[in-house]
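Data block below; observations after.
Here, each number is a calculation from the coordinates, and none is a lab measurement. Just so we're clear, the structure is a prediction, and the values are computed from it rather than from any experiment. Cβ: placed from backbone, ideal geometry, glycine included. Neighbour counts: every protein chain shown.
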Amino acid sequence: MKFVAVLFLLCVLVAGAAAGLVFLPVAPSQETFVELPPGTSAQTMATTLEQHGVIRSRYAFLLLRAWKHGRLKAGEYRFADPASAAEVYRRIAQGDVYTRALTIPEGYNLFDIARAVEAAKLASGADFLTAAKQNTQLIAQWSPHATSLEGYLYPDTYLFSHTTTPVQMLQAMVKRFNVQAARLGLQPAAASCTGECRPAADVVTLASLVEKEVHFDNERTMAAGVFVNRLRQGMPLQTDPTVIYAAMLSGRWRGTIYRSDLQFDSPYNTYAHKGLPPGPICSPGAAALRAAMHPEVTDNLYFVADRTGHTQFSQTLAEHAQQVQSYRAAVPAQP
């Protein structure tokens, strides 16, 4: 009887110890990231988790593996709060990998996106910009002679791990652009505009101007119509965002447009050069792309934003000057 009692007590102790290893939470000494590459065996996963202080014992993890027979999923995992081996196992079985959210609003250019990437601690902004210039083959179907991926990194929210490379981020953004372009009916060879057909690269460039100039979706097609009219008549587009972008490219942007910026000889400066700039100046959203594909037929040649952010359109320079004067009169003088 004593032997049976001792044996029973030993079993209880062993079971209790095993339960402790499986169910008692462990708190890592600090925020811990564990990378489990594809093809990693359960035994290697267990050892890696133990070495990082995420679980007390690799054997407890393997015991769970033998019990549950679940499929463990590779990826990067973040551990910051106390968690039991059972909880750790559940997260890896569910593929609860750690990602950082990267939001790209409509109208962001490469410089804005690079800053967002760096702020999210995904990569350095400089590395991202370099990759965006070196991987133009990603958009060869849209713009064979592009010097960067500007305009084709679709504005959206992306989830990346901290091991995602700049090239992989760019691939995901261009892929999202391709999906959206297909939904809109934008074709790589050419896109239909009202009354004419323009190369897709020109449509994206036009859409980027519309994106930067107009804040309300219901005014975008009219703005696109104004740009098309000016192009047809050989008038310079004279849009300030292109001047700003030219200054950014040359590293001379000072936060305000100066007379020297308006006179700066850059192909992106639509005050100094007629026609569209050589490429997009930002990432346009769906509404801007749609407007560039189907501009409104109009006689307007000018527009200006009023103090509410809405766009006022004019057919003549005199009307436009009056709109500008009304805007300036409505804006309080700066102290």
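Over all distinct Cα-Cα pairs of the range 23-94, the Kirkwood formula returns a hydrodynamic radius of 11.9 Å. The chain: longest stretch without exposed trypsin sites (Lys or Arg not before Pro) (DSSP loop, at most 14 other Cβ within 10 Å), sites themselves excluded? Between exposed loop sites, the widest span is 122-251. Shown here: the range 52-140, whose C-alpha atoms stretch 51, 29, 23 Å along the first, second and third principal axes, sorted largest to smallest.
Shown here are the Rg and Dmax of the Cα trace of the range 100-184, at 11.8, 33 Å. Computed per residue of the chain from DSSP H runs no shorter than four, each worth -39500 (n - 2.57), the mean residue ellipticity at 222 nm is -14500 deg cm²/dmol. Need the C-alpha centroid separation for the range 83-128 versus the range 208-269, integer Å. What the calculation gives is 32 Å, centre to centre. Each principal axis of the Cα atoms in the chain has its own extent, and those three values, largest first, are 110, 52, 33 angstrom. Test of understanding: in a Gaussian network model of the chain with alpha carbons linked when under 10 Å, which of GLN30, GLN312, GLN168 would top the mean-square fluctuation ranking? Top of the fluctuation ranking is GLN30. Rounded to the nearest 10 degrees, the angle from helix 58-68 to the longest Cα principal axis of the chain is 80 degrees. Helix 166-184 and the longest principal axis of the Cα set of the chain meet at an angle near 60°. With a Förster radius of 22 Å applied to the beta-carbon distance between ARG232 and THR147, the computed FRET efficiency rounds to 0.25.
Residue farthest toward the positive end of the dipole of the chain, with Cβ of Lys/Arg at +1 and Asp/Glu at -1: which of HIS52, MET173, TYR77? Sorting the options by dipole projection puts first HIS52.
Only Lys, Arg, Asp and Glu count, each charged at its Cβ (+1, +1, -1, -1), so figure out the dipole size of the range 100-184 about its Cα centre, rounded to 20 debye.
Roughly 180 debye for the range 100-184.
Treating r as the C-beta distance of THR32 and LEU184 and R0 as 56 Å, the FRET efficiency rounds to 0.80. Using θ = phi - 60° in the Karplus curve 6.51 cos²θ - 1.76 cosθ + 1.60, the 3J(HN,Hα) couplings for the range 117-132 round to 4, 5, 5, 7, 6, 9, 5, 6, x, 5, 5, 5, 5, 4, 5, 5 Hz; x is entered for Gly and Pro.
For the range 112-269, what class follows from the C-alpha gyration tensor (a ≥ b ≥ c being the square roots of its eigenvalues): rounded when a/c is under 1.5, otherwise prolate if a/b is larger than b/c, else oblate? Because a/c hits 1.5 or more and a/b fails to exceed b/c, the range 112-269 counts as oblate. Sequentially through the range 32-39, phi angles give Karplus couplings (6.51, -1.76, 1.60; θ = phi - 60°) of 10, 10, 10, 9, 10, x, x, x Hz, Gly and Pro residues having no value and appearing as x. Which shape class, rounded, prolate or oblate, goes with the range 290-329 when its Cα gyration tensor gives a ≥ b ≥ c as root eigenvalues, a/c under 1.5 marks rounded, and past that a/b bigger than b/c marks prolate? Note, shape of the range 290-329 comes out oblate.
Computed log10 I(q)/I(0) for the range 198-330 at 0.11, 0.12, 0.13, 0.15 Å⁻¹: -0.37, -0.44, -0.52, -0.70, from the Debye equation with unit scatterers placed on every C-alpha and solvent omitted.
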